[in-house]
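The values are calculated or read from the model by the stated rules, or taken from the named source; none is laboratory data. Not measured: the values here are computed from a predicted model. For neighbour counting, all protein chains shown are included, and Cβ atoms are generated from backbone atoms with ideal geometry for every residue, glycine included. Heavy atoms of the whole protein, side chains included, go into the accessibility calculation; ligands, DNA and RNA do not. Shrake-Rupley method; radii C 1.70, N 1.55, O 1.52, S 1.80 Å.
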Amino acid sequence: MDLRSKTNKKTTTKKQEKMYSSCKKFFISLLYLMAIALAFSSSATTSKSSVVAGKTPVLPISAYGNLPMVSNVKLSPDGNRVAMLKNLNGNQVLMTYNLENGKSQAILQSDNIKITLNWYVWGNDDVLLISTGSLSKEGTTKYTTTRLYKYDLSTDKELILLVKPKKSQKEKVTQIQDTIISLMPAKPDNILMAINFEHRSKPSLYEVNIRTKQRSRVKRYKTYIDNWFADQQGKPRITYKVDDTEISYKLFNTEGELERDLWSYEVFEQDVVHILGFDVDPNVLFIRALNQGKYAVFKVNLTDKSLSRELVYADASYDVNGSLIYSPKTGAVVGLSHEGDEDNKIYWDKEYIAFKKALNSALPDSDNTIISMSNDQNKYILYSSSAQRPGDYLLGNRKNKKLEFLASLYPQIDATNYATKALVHYQARDGLQIEGYLTTPLNTLKNAKLPAIIFPHGGPMARDYAGFDYWSELFANRGYLVFQPNFRGSAGYGYEFEMASVKGWGLAMQDDLQDATHWLIKQGLVDPNKVCIAGASYGGYAALMAAVKHSDTFKCAASFAGVTDLEQIIRDANAFSNKKIVHKQIGTDSDQLEATSPVNFATKINIPILLIHGTDDQIVPVKHSQVMAAALTKQNKQVNYIEIEQANHHLSNQAHRLQTLEAMAEFFAKHLN
């Protein structure tokens, strides 16, 4: 097996006029489907060795660290408008483009510091609903507050806050105000929202008119309800409740009356049930639950008192982790998104199967995903990626059999510099088989032993996938082999595999990273004297624990927003409603927490350390890196601590992301070259 072979599964101001003009440049003239197919397929069949002669060009860090040029592209229900997030000089701008008259419009601009744009959705043909987040603070605890705005393209000139508490009714100012339960397809001007206006922690349900902002209460809060699920007709049907570490669901009938209990289970136990959504039949529900040790999708008829399950889709190798795909025309469930599949979509509707087959035939050697479709199913947005392209958006018209190229996420990255990932397997010291993704610099000489970076993901109940990520591509472009192991405790590989992360921080899941390095050395891929480890969030924790436990294996370690003190995680959790779940996940054995917290072992660290953290991190507070840096400095260890003012956990601001990547690139250049 050639481990270096690659597979990629997967009233207008002048300033506004300039911005609108810039957006229009993304829309080029319509191209026939076959013309685009030929363009893509010809590049996909050319080997990289023939495309690139000699040394791979070194791109600026901004080619990877800039926010995507365009992202989150969505069609309006009538198919007459396209909305998107556009990167304008580092700011995210929500823009719309009218396909009928060619006019574009800027709706919202954010630098993702004081206000972040969380998500947006078309409420109807004219109205955009936009969720924003902002930082709040209570004592020393930082948290996010959300608000829901609306913008009516037919009438509005500015963003308008859709819902807010009514002082006359003594409604409460609440942290979360953007929870949409249903878009209510039968009432295109109305949505169903759950908001804690009447109780500090329990939501009431409101039907809200997205044009007039008028709202009426549908359901008053109940102490046994934390959230709701609505059917495809927009009726609230199932309640969700978290009681310490127990999750429970109750069923309401279509008349709004409480009918019976459905399921209850303890978090991290095997009888888990995740509700995915209703079919067009209001009595048919799709759920995710375990099937032979891995998560699969089942269908349940709610009129069946025994709640017997009909298996819909299972993957023998991976958990089924995606969401339902609905027909915008009928409301029926037509498929499922699933990362284990080659193009991330599973369809069981014959029309969709035939359509997807035609797209794959037209754009071969690509992962082609329909991400948005008009209600008449004629116009659609296609996201296409391949071993030559990290990702492009295209606008399709089924009636005219045409595609229009919209934009690339990362325009500077192409076949001449895109390294891509190879899926590999290695064996841990106890015999467990583990998957990982290997990114090898282009034009690597045969039998060359490269400097390497082990890059564990965050979570830890998450995983890495094939496809583009800016971390691995940047490091590979700088000449480093990058390995991203899906160590035990990662999601996606079955219940037992994932549960290894429960009370397992710093233990076997940590050893898996050293085993990954030993495997690379045994394969002759890396220089054993030039291996560093880096990561973000849990990955940052793992990098620092590697410096504690395995400093003989790694030459340096870098952490962005890494956890350093597990006891502090427990203390911080006590301020939040999910504290019992955190306690169950991390554990409360103070001796073990102390023994697996890097901050307690500065004396054992004998390799250079880079710590980077944002002051506005609400997931892992900045004090984790502050105390780690102080402990290392006290012991006269080699540590460089960079604190980024106003940066958050996700590096949502472009300047913060670039600063982080530049610091890491400089750190690795110093210690690996």
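The single condition among (1) modelled with pLDDT of 95 or more; (2) of a type outside the set (D, E, K, R); (3) part of a loop (DSSP other than H, G, I, E, B); (4) open to solvent by 10 Å² or more (accessible area, probe 1.4 Å) that VAL563 does not meet is (4).
Tell me yes or no: at least one residue of the range 658-671 is closer than 20 Å to THR140 by Cβ and in a helix (DSSP H, G or I). No, the range 658-671 contains no residue that is closer than 20 Å to THR140 by Cβ and in a helix (DSSP H, G or I). Those strands (runs of 3 or more DSSP E) of the range 399-508 in which 1 or more residues are within 30 Å of LEU290 (Cβ to Cβ) and of a type in the set (Val, Ile, Thr) occupy 422-427, 433-439.
Residue-wise test of (1) more than 21 Å from LYS213 (Cβ to Cβ); (2) in contact with a His (Cβ under 7 Å, 6 or more places away or on another chain); (3) not charged (D, E, K, R).
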| site | (1), (2), (3) |
| --- | --- |
| ASN112 | yes, no, yes |
| THR116 | yes, no, yes |
| LEU135 | yes, no, yes |
| GLU138 | yes, no, no |
| THR145 | no, no, yes |
| LEU161 | no, no, yes |
| ILE176 | no, no, yes |
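Please work out which residue is farthest from GLN270 (Cα to Cα), limiting yourself to the range 294-326 and to residues that are over 29 Å from the mean Cα position of the chain (by Cα) and either of a type in the set (A, V, I, L, M, F, W, C) or surrounded by 19 or more Cβ atoms within 10 Å (Cβ to Cβ) (or both). For the range 294-326, the residue satisfying everything is LEU302. Within the range 325-382, the residues that satisfy the criterion of being part of a helix (DSSP H, G or I) and not acidic (Asp, Glu) are LYS350, TYR352, ILE353, ALA354, PHE355, LYS356, LYS357, ALA358, LEU359, ASN360, SER361, ALA362.
Kindly indicate whether any position in the range 186-209 is open to solvent by less than 50 Å² (accessible area, probe 1.4 Å) and at positive phi. Among the residues of the range 186-209, not one is open to solvent by less than 50 Å² (accessible area, probe 1.4 Å) and at positive phi, which makes the answer no. Give the number of residues within the range 98-156 that are under 27 Å from ASN375 (Cα atoms), surrounded by fewer than 20 Cβ atoms within 10 Å (Cβ to Cβ) and touching a helix residue (DSSP H, G or I) at 6+ places or on another chain (Cβ under 9 Å). So the count comes out to 4. Taking the range 383-398, which residues are assigned to a strand (DSSP E or B) and among the polar types (S, T, N, Q)? The answer is SER384, SER385, SER386, ASN397. Taken together, LEU159, LEU183 contain a single residue that is under 23 Å from HIS274 (Cβ atoms) and surrounded by 15 or more Cβ atoms within 10 Å (Cβ to Cβ), which is LEU183. Search the range 574-605 for residues being more than 31 Å from the chain's Cα centre (by Cα) and part of a loop (DSSP other than H, G, I, E, B), and hand back the single one that is nearest to THR141 (Cα to Cα). Within the range 574-605, the match that is nearest to THR141 (Cα to Cα) is ASP589. Within the range 606-626, which residues are closer than 13 Å to LEU135 by Cβ and either in a loop (DSSP other than H, G, I, E, B) or of a type in the set (Val, Ile, Thr) (or both)? Once the filter is applied, which keeps residues that are closer than 13 Å to LEU135 by Cβ and either in a loop (DSSP other than H, G, I, E, B) or of a type in the set (Val, Ile, Thr) (or both), the range 606-626 yields THR615, ASP616, ASP617, GLN618, ILE619, PRO621, VAL622.
With the requirement that a residue be under 23 Å from ARG220 (Cα atoms), of a type in the set (S, T, N, Q), at pLDDT below 95 and assigned to a loop (DSSP other than H, G, I, E, B), what does the range 147-195 give you? Scanning the range 147-195 gives THR174, GLN175.
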